[in-house]
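As structure tokens, the structure follows; a few thoughts come after it.
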């Protein structure tokens, strides 16, 4: 019995000295720059942009002097851009461009800053950002793309001559670029559609004021024109007949109800002409984007 | 009996006087009906102040203060609650014409809202067909919000 007790005491005494099992040593996680960036990139690749932003920011917090800090900051902007937060994206890209001007991400940031501003509808600032990419790093792969971007920004800003001049600038700056032929085709397309066909909203409104529905016909809306003519014709005829019959109360009621339709017919005709113009512009814009093979 | 001798027949420049006056009265009355919302438009302009907090799309709007706008919105709401359910949804557009009118009057005032609604009512016909202006939604209706009808190029 005593021998057994001694053996047990010995066993208890030597237990702490036993080596730990190998699996226990491997469960610890050491966060290195590489691991943290890999995690952030994994979220980015999966489309988890907001989590990716968190992880890139964690990287910048843990390793502020890391060699890849410019990369992490650029990717924060890119995650915001892909997540549809263009305002924050533009601000982040501007910060990267200003604080890491000599890094390899300055041109990339400038280009994506231009895209973000474009998405926000700030065409002037987008054009300036694209110009900055071409001016600071013309050899960058983003420089020709920035010129193409600026030509489309000019188009969206209703400046078709400006759009054409940017394409000409592209051909003179990058004549050997693989997209040069596409650019030539696009210039020919623009020349073919100059001046852009247009319907005057004012004329459409005046036409419908004189003959209800005629403004819709002018704007290519035959069905709406016929409807407006019938509806307004009936109201006008009803009012006139009621007055001829000296039934003034009925005339006032019919005229009162018909008047908004008459004014609505004028407004609608002008609106139809406006939509026609927008349609023509959108159609040409789509053709240009396809011709340039420009995707972003 | 000669024409001039018929009872009630009048000669001279005042021959059609009462009828002309009636035409003028109808036009003035109709004009007043159209101008009536301007009162609301003006009073709305008077209420403008510093921009308040942004409102969400559901419910938490500022209470309506323009009386004319309230009348138009009330009439549309009455139609939506009492008349429209009788035959069910029939509008070919989304939002429906009443929802379009409600939104147009609320966001753009009674004058422009009424014009936009009248235009929409004249477009909701058998000639309705999908196009780049009015894309077809999965519900089978054509998308046509007030924001697409503001005369903005």
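Taken over the stretch A:250-261, the criterion of being at the interface with chain B (Cβ under 8 Å from one of its Cβ atoms) and under 25 Å from residue B:101 (Cβ atoms) is satisfied by A:252, A:255, A:256, A:258, A:259, A:260, A:261.
Within the option set A:232, A:247, being more than 7 Å from chain B (Cβ to nearest Cβ), out of contact with any helix residue (DSSP H, G or I) (no Cβ under 8 Å at 6 or more places or on another chain) and either under 23 Å from residue B:116 (Cα atoms) or surrounded by fewer than 22 Cβ atoms within 10 Å (Cβ to Cβ) (or both) holds for one residue only, A:247.
Looking at the stretch A:160-254, the helices (runs of 4 or more DSSP H) lying wholly inside it that each contain 2 or more residues that are more than 22 Å from residue A:280 (Cβ to Cβ) and out of contact with any strand residue (DSSP E or B) (no Cβ under 9 Å at 6 or more places or on another chain) sit at A:160-173, A:180-192, A:201-210, A:222-244. Across the stretch A:263-279, the qualifying residues are those that are closer than 25 Å to residue A:156 by Cα and more than 7 Å from every other protein chain (Cβ to nearest Cβ), and the one among them that is surrounded by the fewest Cβ atoms within 10 Å (Cβ to Cβ) is A:276.
Residues of the stretch B:114-121 include at least one that is within 12 Å of chain A (Cβ to nearest Cβ), under 18 Å from residue B:90 (Cβ atoms) and touching a strand residue (DSSP E or B) at 6+ places or on another chain (Cβ under 8 Å). Please work out if residue A:97 is touching a residue at least 12 places away in the same chain (Cβ under 8 Å), over 22 Å from residue A:156 (Cβ atoms), crowded, with 23+ Cβ neighbours inside 10 Å and under 19 Å from the mean Cα position of the chain (by Cα). When the stated conditions are applied, residue A:97 does not pass them. Mind checking which residues of the stretch B:127-150 are assigned to a loop (DSSP other than H, G, I, E, B), within 21 Å of the chain's Cα centre (by Cα) and more than 19 Å from residue A:269 (Cβ to Cβ)? The one that is assigned to a loop (DSSP other than H, G, I, E, B), within 21 Å of the chain's Cα centre (by Cα) and more than 19 Å from residue A:269 (Cβ to Cβ): B:145. In the stretch B:135-153, the residue that is surrounded by the most Cβ atoms within 10 Å (Cβ to Cβ) out of those that are more than 11 Å from chain A (Cβ to nearest Cβ) and without any contact (Cβ under 8 Å) to a residue 12 or more places away in the chain is B:136.
Residue under question is residue A:206, and the condition is that it be more than 11 Å from chain B (Cβ to nearest Cβ) and over 18 Å from residue B:149 (Cβ atoms); does it hold? Against the criterion (more than 11 Å from chain B (Cβ to nearest Cβ) and over 18 Å from residue B:149 (Cβ atoms)), residue A:206 qualifies.
Since every read-out is calculated from the coordinates, none of them should be taken as a lab result. Computed from a prediction, not measured in an experiment: that's the story for all the values here. Methodologically, a virtual Cβ is constructed for each residue, glycine included, from the backbone with ideal geometry; neighbour enumeration extends over all protein chains shown.
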